[in-house]
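I have placed the structure first, in the form of structure tokens, so that the comments after it can refer back to it.
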Amino acid sequence: MKLSKKTIIYINLATFFITVSTEVYETLLPFILVKYFSASMVIVGLIDGLGEAFSNLIKIFGGYLSDIKDKKKLLSFGLSSLLFSYVYMAFSTKWADALISVLFKSIGEGIFIPVKDKILSTVYKKEMGKIFSLNKIFENLGELIGIFLAFLISLILLNKFGYRYVYFLILGTFVVFTFFLVFFTSIKLDKKVEKKKISWKIFEPSILIFFFLFSFVNFGYSFFILKVYDFLKSESFALGMYLIFGFVLLVSTYFAGRVYDSLNLKNFLYITVVIFILSNLLLIIFPPLGLITLAVGEAFLEIGVWATVGKRVKFRKGFVFGVYHFVIGVSSFISSFVSGYLWDYFSSNAPFLLGTFVAFLSLFYIHKFIRV
């Protein structure tokens, strides 16, 4: 089955508006917790960590349900959960309320993302890279605009009107998005359910293990930004480099999709790993250039993961997407914890040396275990 252009447009617009709203939410949340709720940094870290972990867990169930339940109903449930999260946050008075809001946001994202991936994977295999790169472009654009809106809100509105007004603004963004949900009701989705039994083989084990291993190289943007800040000694220049990073990521995503569709999986993964080796070494030698190189690597990695799942997995794709999200999330969480320890107790170069080692190990794994 080939997706209609209307369906692809809807999914991309939905991704864009959801990303904008959640990016504003997540960017402003730490400031609101500290300034308005008097939360400690331990509480801030707890809320952030629980939200991320819960979201990854829900993605497994969201993906599983997308194989056996009506996708429109699942999307509606996910969007309703996000909507409730924003409303609840607008009336929150303490950090415990914010935690509840974050958990409902995690449910919304955990349902929407694997269902969205399952729908996008219903394309001809030769177009998989193109379809997923287009979706990632909309997502990356949403992140950039969300960060920019959060900056404007913090500069102009937050101090003057307080956090309640801010979250009603987020609601406004969400309402604009719901217009496209209404538009989508005229588009038919495949309601076929998959009853094939679940087995280990449906996860493409060698590929799942590779992405679990390689995700140790991807230990969080905070480390990369702080490394650039440590080199430049300026918050403004560091944030400026982060904006450039976002732009390069946006552009590179398009080319990553084109490259993916023109190469076999093994060669594409080789290129991806080599880019990460180069970026980690440059982050040690000259961090600004390393950050820009990392943006290219991130684009290739994202397309490599999701286009490969869409292309190689034949049954229970939604469930498999959810499991991949969860496994990669767990790997990145462990990597971030280990990298933080290495940074604090050894040096700021230690996490990137670890990343380089894991990347070389990944090259060996590709050669030995990944089929073309």
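At-a-glance table
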| item | result |
| --- | --- |
| Selection from 205, 322, 345 lying farthest towards where the dipole of region 200-369 points positive, charges on Cβ | 205 |
| J(HN,Hα) series, region 88-100, from Karplus relation 6.51 cos²θ - 1.76 cosθ + 1.60, nearest Hz, glycine and proline x | 4, 5, 5, 10, 6, 10, 8, 5, 5, 5, 4, 4, 4 |
| Principal axis dimensions, largest first and in whole angstrom, of region 1-108 by Cα | 52, 24, 20 |
| For region 221-292 versus region 86-142, the gap between their alpha-carbon centres in whole angstrom | 23 |
| Estimated inter-spin distance, residue 40 and residue 91, nm [label 7 Å along Cα→Cβ] | 3.0 |
| Too-long pairs where the Cα-Cα distance tops 30 Å, listed order kept, from 105/266; 94/136; 72/368; 130/368 | 105/266; 94/136; 72/368 |
| Protection proxy ranking of 66-73, 269-276 - average other beta-carbon atoms within 10 Å, highest first | 269-276, 66-73 |
| Efficiency of FRET between residue 209 and residue 347 - r from beta-carbon atoms, R0 41 angstrom, step 0.05 | 0.85 |
| Percent of C-alpha pairs per 5 Å bin, region 224-372, short to long | 2, 9, 15, 19, 22, 16, 9, 5, 2, 0, 0 |
| FRET efficiency, 1/(1 + (r/R0)^6) with R0 22 Å, evaluated for residue 289 and residue 266 via beta carbons | 0.20 |
| Hz values of 3J(HN,Hα) by residue in region 248-257 - Karplus curve (6.51, -1.76, 1.60), Gly and Pro given as x | 5, 4, 4, 5, 5, 4, 4, 5, 4, x |
| Cα centre as origin, Lys/Arg/Asp/Glu Cβ charges: region 33-150 dipole, Debye | 380 |
| Net length gained if the chain between residue 156 and residue 234 were fully extended (0.36 nm per residue, minus Cα distance) | 25.8 nm |
| Length gained when the stretch residue 251-residue 367 is fully extended (0.36 nm per residue, less Cα-Cα span) | 38.9 nm |
| Charge dipole (debye, nearest 20) of region 200-369; +1 at Cβ of Lys and Arg, -1 at Cβ of Asp and Glu | 720 |
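Since every read-out is calculated from the coordinates, none of them should be taken as a lab result. Quick caveat, the model's predicted, so the values are computed rather than measured. Neighbour counts are summed over all protein chains in view; Cβ atoms, including those assigned to glycine, are modelled from backbone coordinates with ideal geometry.
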